[in-house]
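The values are calculated or read from the model by the stated rules, or taken from the named source; none is laboratory data. For clarity, every value in this text was computed on a predicted model and none was experimentally measured. Counting neighbours? That spans all protein chains shown, and the Cβs are built from the backbone with ideal geometry, glycine included.
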Amino acid sequence: MNDVAIIGVGLHPFGRFEGKSAMEMGAEAIQAALADASLDWKDIQFGVGGSHEVSNPDAVTRLVGLTGIPFTDVFNACATAASATQLCADTIRLGKYDIGIAVGMDKHPRGAFTDDPAKLALPAWYAENGQFVTTKFFGMKANRYIHEHGISAETLAKVAAKNYRNGALNPTLFGASR
């Protein structure tokens, strides 16, 4: 059987939370997911976690309970949470475990990303021309997509408008009233 179900979800609200670490926010999200699934931490057989800021996402187990479960760390930039979820599902599909948890946790400083491009095997010009500013990076990707797939800017704008409408329904949205 290859069916895998997500049985619980927990989100920490988006926003600025001074005095609270990404790890603490991740632990709160884990507790919310466990409550949503009507599970206890001791029921979790393995975990997958991802973060850019937290160098060892597996350390979140110290905040929710040191049960000795195997925990794999992943990083895939903006797709880290999706990669963690995929790895968690694939691990269950392999039949080794029945119940796992995937968690993503980050807390970015204000302003543009200013990481050293060499850490990501990128040339110096990548940062020098502003590619760490995600709006510029993804704007260039959108222009390339339009060019390669022959769609109009208006079509892409309709997709963006739909996504913004859907995103505005998220109660954990950055800036949402709490």
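The table below gives the values:
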{"read-out": "Condition check for ASP115: within 20 Å of PHE138 (Cβ to Cβ) and either in contact with a His (Cβ under 8 Å, 6 or more places away or on another chain) or among the acidic types (Asp, Glu) (or both)", "value": "yes"}
{"read-out": "Filtered residues of region 29-67 (kept if charged (D, E, K, R) and not in a helix (DSSP H, G or I))", "value": "ASP40, GLU53"}
{"read-out": "Test: residue in region 48-61 that is farther than 30 Å from THR135 by Cα and hydrophobic (A, V, I, L, M, F, W, C)", "value": "yes"}
{"read-out": "Those residues of region 101-141 which are farther than 30 Å from THR91 by Cβ and small (Gly, Ala, Ser), in sequence order", "value": "GLY111, ALA112, ALA118, ALA124, ALA127, GLY130, GLY139"}
{"read-out": "Residues located in region 7-48, provided they are touching a strand residue (DSSP E or B) at 6+ places or on another chain (Cβ under 9 Å) and of a type in the set (Val, Ile, Thr)", "value": "ILE30, ILE44, VAL48"}
{"read-out": "Filter pass, VAL9 being under 17 Å from the mean Cα position of the chain (by Cα) and within 27 Å of PHE174 (Cα to Cα)", "value": "yes"}
{"read-out": "Any hit, region 68-88, residues being of a type outside the set (Gly, Ala, Ser), more than 30 Å from ALA5 (Cβ to Cβ), in contact (Cβ under 8 Å) with a residue 24 or more places away in the chain and not in a helix (DSSP H, G or I)", "value": "no"}
{"read-out": "Which numbered condition GLY104 fails, given (1) at pLDDT 90 or above; (2) among the small types (Gly, Ala, Ser); (3) farther than 26 Å from ASP36 by Cβ", "value": "(3)"}
{"read-out": "PHE132 vs. criteria surrounded by 11 or more Cβ atoms within 10 Å (Cβ to Cβ) and either of a type in the set (Lys, Arg) or at pLDDT below 85 (or both)", "value": "yes"}
{"read-out": "Failed item in (1) farther than 15 Å from ALA102 by Cβ; (2) surrounded by fewer than 16 Cβ atoms within 10 Å (Cβ to Cβ); (3) aliphatic (A, V, I, L, M); (4) at pLDDT 90 or above, with MET1 passing the rest", "value": "(4)"}
{"read-out": "Test for PHE17: is it of a type in the set (Phe, Trp, Tyr) and closer than 29 Å to LYS136 by Cβ", "value": "yes"}
